[in-house]
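For reference, the structure is listed below as structure tokens.
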Amino acid sequence: MRPFVELTDVSHTYSTGGTLAVDGLSLKVSEGEFAAVVGPSGCGKSTLMKLATGLQFPQKGAVIVDGKEVSEPVKMAGMAFQAPTLLPWRTTLENLMLPLEIVQPHRSRLRKHRAEYVAKAEALLESVGLGGAGSKFPWQLSGGMQQRSSLCRALIHEPKLLMLDEPFGALDAFTREELWCVIRDLHARMAGKLTVILVTHDLREATFLADRIFCMSQRPGRIITERVVDFPRPRDLEITYTQAFSDIVHDLRARIAEARSAA
Ligand SMILES: Nc1ncnc2c1ncn2[C@@H]1O[C@H](COP(=O)(O)OP(=O)(O)OP(=O)(O)O)[C@@H](O)[C@H]1O
């Protein structure tokens, strides 16, 4: 499978504060793969996401996405963060439509094909259990519903790359597990056409969702180990109660503890 996101020996220092966030950071994520990135707090996970999406540029090394060196924000990526960042004055449906007003070719097509796009947005909402919620404002939705809407917004322009930075961190355990299944199903439906990179502190989340887990060192971050998770798909939440699953989580925890103490 061809690499879809490739970072090679990347270093990045923020101009504000002069923090060397990542150094010697290399990773390859294949097309259609679901990758997770874990590591100690402050090790540069979000920086990795910013570099892969062209929100920051490295001083050293190369970042290649979909065969091209990243030199501007990667608009074909969908993104969702810990805070759902929905605009409060727009309805949920209008929030979902936002990327279509920005990203080509949708931007040029939107005016003429609005009904088609609205139907697509409504179908997406339906697929995450939010059928009929499009007319509600974000502040009329629960945190979990807002995060589902935010996921739909990240997917509305049919991105080939989905970047998730702690998207479920603020949710209770039940809602979080429900959303794992939503993401699992969205990824499965795209049948190898959607590459996902998930940054998370939750090792169970990484193990349940990912094909491969990259573990980062203490800052300046680099990948110190990667672990293939080969549970067959589709995965059921039941696997999270198996010994094999716990073994992976324990192993990851030990590696992160090791990385923390190597500071
Ligand atoms: N915009 C910025 N300007 C200056 N420094 C920054 C900026 N963003 C991050 N940093 C610094 O870079 C380092 C890495 O931050 P980053 O957010 O990438 O880590 P992280 O692993 O995602 O953290 P956490 O696990 O706490 O979410 C930190 O020391 C942080 O203070």
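FYI, it's all coordinate maths here, none of it is from the lab. Bear in mind that the values here come from a model prediction, so they are computed numbers and not experimental data. All Cβ positions, glycine included, derive from the backbone under ideal geometry; neighbour counts span all protein chains shown.
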Could you calculate the contour length gain from residue 126 to residue 158, that is, 0.36 nm times the residue separation minus the distance between their Cα atoms, to one decimal place in nm?
9.9 nm
Rounded to the nearest 5, what % of DSSP beta bridges with both residues in the chain are antiparallel?
50
I need the phi-derived Karplus couplings for the range 7-21: 6.51 cos²θ - 1.76 cosθ + 1.60, θ = phi - 60°, integer Hz, Gly and Pro marked x.
10, 10, 6, 8, 10, 9, 10, 6, 5, 7, x, x, 6, 7, 8
What are the ³J(HN,Hα) values, in whole Hz, obtained from phi via the Karplus relation 6.51 cos²θ - 1.76 cosθ + 1.60 with θ = phi - 60°, for each residue of the range 163-176 in sequence order, with x given for Gly and Pro?
10, 10, 10, 6, x, 10, x, 8, 9, 5, 4, 5, 5, 4
In whole percent, what relative contact order does the range 43-142 give with Cα contacts below 8 Å and a gap of six or more residues?
24
Between beta-carbons, use under 11 Å as the cut-off and find the net charge around residue 82, counting Lys and Arg +1, Asp and Glu -1.
-2
What shape does the range 187-263 take by its C-alpha gyration tensor, where a ≥ b ≥ c are the square roots of the eigenvalues and a/c under 1.5 counts as rounded, a/b above b/c as prolate, and the rest as oblate?
oblate
Given the DSSP H assignment, sum -39500 (n - 2.57) over each helix run of at least 4 residues in the chain and divide by its residue total; what's the result at 222 nm in deg cm²/dmol, nearest 500?
-10000 deg cm²/dmol
For residue 142 paired with residue 262, estimate the spin-label separation in nm (one decimal), with each label point 7 Å from Cα along the Cα-to-Cβ line.
4.1
Ranked by how many other beta carbons lie within 10 Å on average, peptides 131-142, 229-240, 164-175 from highest
164-175, 131-142, 229-240
Gain in length, residue 254 to residue 16, computed as 0.36 nm per residue apart minus the alpha-carbon separation, to one decimal in nm?
82.4 nm
